[in-house]
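Bear in mind that the values in this text are calculations on the coordinates, not laboratory data. No experiment lies behind these values; they were computed from the predicted model shown. Cβ placement follows ideal geometry from the backbone for every residue including glycine, while neighbour counts extend to all protein chains displayed.
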Amino acid sequence: MKFNYMFSAVMVGLLTACGSGITEVKSPDGEIRFRIDNTSAGLTYSVSDNGTVVVSPSQMGFVLQGGEMLDRFDIRSMSASSHDETWETVWGESRFVRDNYNQLTVEMSQHGGDLLVNLEVRVFDDGFGYRYVFPDQQRDSLVIMQELTQFTLPADAEAWAMPADDPYLEGYFTKTPVSELDTVRTPLTIELPGKYLSIHEAALTDFPKMNLMKTAGNTLQSQLVPWSNGVAAYVTTPFATPWRFMIIGDEPGDLVTSGLMLNLNEPCAIADPSFCKPMKYIGVWWEMHLFRTYWYQCDRHGANTANVRRYIDFAAEHGIPGVLVEGWNKGWEGDWPRNDHFSFTDPYDDYDIEELSRYAADKGVQLIMHHETAAYTTNYENQLDSAYQYMNDHGIHNVKTGYVNRLMDGIEDHSGQYGVRHYRKVIETAARYTSNIDNHEPVMPTGLQRTYPNLMTQEGVRGQEHSAWDTDGGNPPYHTVVMPFTRGLAGPMDFTFGTFNFDNPNSPHARVQTTLAKELALYVIIYSPMQMASDLPENYEAHLDAFQFIKDVPVDWDVTVVPAAVIGDYVAIARKDRNSDDWYLGVATDEEARQLEISLDFLDGDSEYTARIYADAPDADWKTNPTAYAITSQTVTSEDILPVRLAAGGGTAVRFIKK
Ligand code: NOJ
Ligand code: CA
């Protein structure tokens, strides 16, 4: 194997040749070292952070159609570069993101073959990413059957993992040793002694999702979700795969505040993204999940004109910008997940969309459209232009999309290349109609919202609806203190909390397993630029003092910090409003009551704040007394330590108003 070093003198220092076949690139602060080793057996990479190995030598490459191997390489050239830029998000958890890395590009050819492939590696201070790039070349199309990329851990370790068997990504992340994992989704969060790692992918636009399959020992290998014919991906050169990345942190909070995934996505492709506006919303929704009303037209049809008017009135009175209406359109009759004929332009007779659009506009409220497709993507794609034009005609610029059916068009996986292409087509169409998406039953998000900020939020999480009806009784209290460190790392979640009434007569086996105060805390802990207040208006009217927090809490942030967290036990997240000087804090626990001391050193040093605290009352308990809360105020500064008492399944939400 012969190296041909092409980097210039200015690049020396970023890249070190460590002897035959081995090359290393370091993070800007020098702590993370990414090393590649090319031998006649194949190409491997390994990574260390401050001397601690985080990835042991791990294989790279692909298997192509006909068993053609792309796993041994001749290196044609190498070059290094570095990048340091701070960019502004259209919306998000932080206003500014620093994108600072050293890059290594290795130009390679298939050993014994004619295929050209480059490896691009970026090493940041908080992790690394790499991707395979097939440059313009004689072979203009490739059929990929398998990816050989591995992540080998230096030792067995605890992982927070979700099995890959649920097409909707609505499983639990549970703590399991890596050595005992089967095939799991990413993000996969791993606790090594003194280190927190998370493996995921960025910029998934035309490739299958990467699951991780445990092979030997502590090795996880990419398993691309295939088409129904067994092919993983059809590729036309030039082509770049999504980035495979790992965030490396010393604390769980380092995973949450990392900008690495967004940095590995392309900049905003929408010329004027001013229509991509974060918002809170309510909706004709929870009442269907409580089986009080139905999606289809009947004498208990949720989306009837009078009922929707009631929601619009409530939204207008309380300054909530959006009202989602599900079940407005024809197609819901019978076993609706089997319906391949939903119309996206034909309302039910008892839903007067013309009148309601006018009524909402007069009251300064926006209707949110609903497109349940039952995963019949061809039916949806055939109607895309008319559906989005219809929205525009009614002044509607936000839509919740849904794909309830295990397979798309009865044949392809949501997470395969077919699904990924479909979702991207919808996002691009919506952008052309200045419309924003809240996508349910998605492929796992990968940071595409940087490029398309109209992709506001997605489900792909075991959200609040499971606590309305799931046969397992609902999401247990630990679930929401795991989410920020697992699914949350992939991007905004449309979790739809906000329950104020915990009685559920139609599904007595299930319930929301939190206190009311924890429901408030989740608005700060779980990030989404579209955040639903999901309970019924009358349940909010019964606790208007607590509802004030939902009215106040922002959905767009300047800065995010994580003052305290033990994954699966408790979490405290503080965020500064992007549009005022106020800070907000959310603290939540699992099923155990706890007393925490939260340092307020995130507040501005020279200021006093009024802290308005929404806490569990002394006798609160998620099982026996969930609605017991206490609202108090006190003056605080950044020097203070705030004692926080959390009931079992409880939480605390705080608004800090700068004096
Ligand atoms: C599943 C979605 O997650 C839920 O929010 C929606 O109400 C139903 N599908 C119906 O579209
Ligand atoms: Ca769902």
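Please list the non-local residues whose amide H lies under 5 Å from the amide H of residue 173, H modeled 1.01 Å from N, same-chain partners needing a gap of 5 or more.
The answer is none.
Exposure proxy check: 291, 500, 342, 128 ranked by fewest other beta carbons within 10 Å?
By the 10 Å Cβ count, ascending, the order reads 291, 342, 500, 128.
Could you give each residue of the stretch 295-303 its phi-based ³J(HN,Hα) in whole Hz, using Karplus coefficients 6.51, -1.76, 1.60 with θ = phi - 60°, and x for Gly or Pro?
Couplings: 6, 8, 6, 6, 6, 10, 7, x, 7 Hz.
Largest first and in whole Å, give the semi-axes of the stretch 529-638's equivalent ellipsoid, each being the square root of 5 times a Cα gyration tensor eigenvalue.
23, 19, 15
If the cut-off is 12 Å between C-alpha atoms, which aspartates and glutamates fall inside it for residue 214, apart from same-chain ones fewer than 8 positions away?
Cα-Cα hits under 12 Å: 156, 180, 182.
Mind sorting 635, 105, 174 by how few other Cβ atoms lie within 10 Å of their own Cβ, fewest first?
Exposure proxy ranking, most exposed first: 635, 174, 105.
Between residue 179 and residue 52, how many nm apart are label points set 7 Å from Cα along the C-beta direction?
Output for this residue pair reads 2.0 nm.
Once phi is turned into θ = phi - 60°, what whole-Hz ³J(HN,Hα) does the Karplus curve with 6.51, -1.76 and 1.60 give for every residue of the stretch 449-456, x standing for Gly and Pro?
Result, rounded to whole Hz: 5, 5, 7, 10, x, 7, 7, 6.
Which value in deg cm²/dmol, rounded to the nearest 500, describes the helix-derived mean residue ellipticity at 222 nm for the chain, given -39,500 (n - 2.57) per DSSP H run of n ≥ 4 and division by the residue count?
The helix contribution divided over the chain gives -4000 deg cm²/dmol.
Based on other C-beta atoms within 10 Å, arrange 280, 425 from fewest to most.
The order, fewest Cβ neighbours first, is 425, 280.
Per residue and in Å³, how big is the convex hull formed by the alpha-carbon atoms of the stretch 454-541?
100 Å³
If you build the Cα gyration tensor of the stretch 113-245 and take the root of 5 times each eigenvalue, what three semi-axes come out, in whole angstrom, biggest first?
Listed largest to smallest, the semi-axes of the stretch 113-245 are 28, 18, 13 Å.
Going from the alpha-carbon gyration tensor of the stretch 209-261, what semi-axes, largest first and in whole Å, does one get by taking the root of 5 times each eigenvalue?
Calculated on Cα positions only, the semi-axes equal 28, 18, 9 Å.
In terms of the Cα gyration tensor, with a ≥ b ≥ c the square roots of its eigenvalues, is the stretch 379-503 rounded because a/c is under 1.5, prolate because a/b exceeds b/c, or oblate?
prolate
Using only the alpha carbons of the chain, determine the length spanned along each of the three principal axes and report them from longest to shortest in whole angstroms.
Sorted from largest, the Cα extents of the chain read 74, 59, 44 Å.
Which of the residue pairs 209/623; 209/576; 277/576; 26/576; 363/658; 400/551 have a Cα-Cα distance greater than 28 Å in the structure shown?
209/623; 209/576; 26/576; 363/658, as the Cα separations exceed 28 Å there.
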